[in-house]
1. Return a yes/no flag: does region 10-18 have any residue that is among the aromatic types (Phe, Trp, Tyr), at pLDDT below 90 and either exposed (fewer than 10 other Cβ atoms within 10 Å of the Cβ) or part of a helix (DSSP H, G or I) (or both).
2. Only one of THR45, THR25 is polar (S, T, N, Q) and over 18 Å from the mean Cα position of the chain (by Cα). Can you tell me which?
3. Restricting to region 40-58, name every residue that is surrounded by 10 or more Cβ atoms within 10 Å (Cβ to Cβ) and assigned to a helix (DSSP H, G or I).
4. So, in region 28-39, how many residues would count as being surrounded by 10 or more Cβ atoms within 10 Å (Cβ to Cβ) and either touching a residue at least 24 places away in the same chain (Cβ under 8 Å) or over 15 Å from the mean Cα position of the chain (by Cα) (or both)?
Amino acid sequence: MTSFIQENEEERLRFVARWAEYVRTHDDQDWSRQQNLIINSALKTATMTKEQYLKMKGEHHGP
């Protein structure tokens, strides 16, 4: 039986392998544009408060 941690690690490794294959087989402008969207999204959410993040996701928690 595998643990959550092991499954998570395996999933991450599979993702890295898929992304590496994608980068090797697609035009630089195509994958770099997608990477840019991911990075910009991560940076935007990193500066948000919990409330702003939940509002963006359409969730409401609390009073």
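The values are calculated or read from the model by the stated rules, or taken from the named source; none is laboratory data. Since this is a predicted model, take the numbers as computed values, not measurements. Glycine also receives a Cβ, built like all others from the backbone with ideal geometry; neighbour counts cover every protein chain displayed.
1. no
2. Details: THR45 fails: over 18 Å from the mean Cα position of the chain (by Cα).
So the residue among THR45, THR25 that is polar (S, T, N, Q) and over 18 Å from the mean Cα position of the chain (by Cα) is THR25.
3. Of everything in region 40-58, those that are surrounded by 10 or more Cβ atoms within 10 Å (Cβ to Cβ) and assigned to a helix (DSSP H, G or I) turn out to be ASN40, SER41, LYS44, THR45, GLU51, GLN52, TYR53, LEU54, LYS55, MET56.
4. Final tally of qualifying residues: 1.
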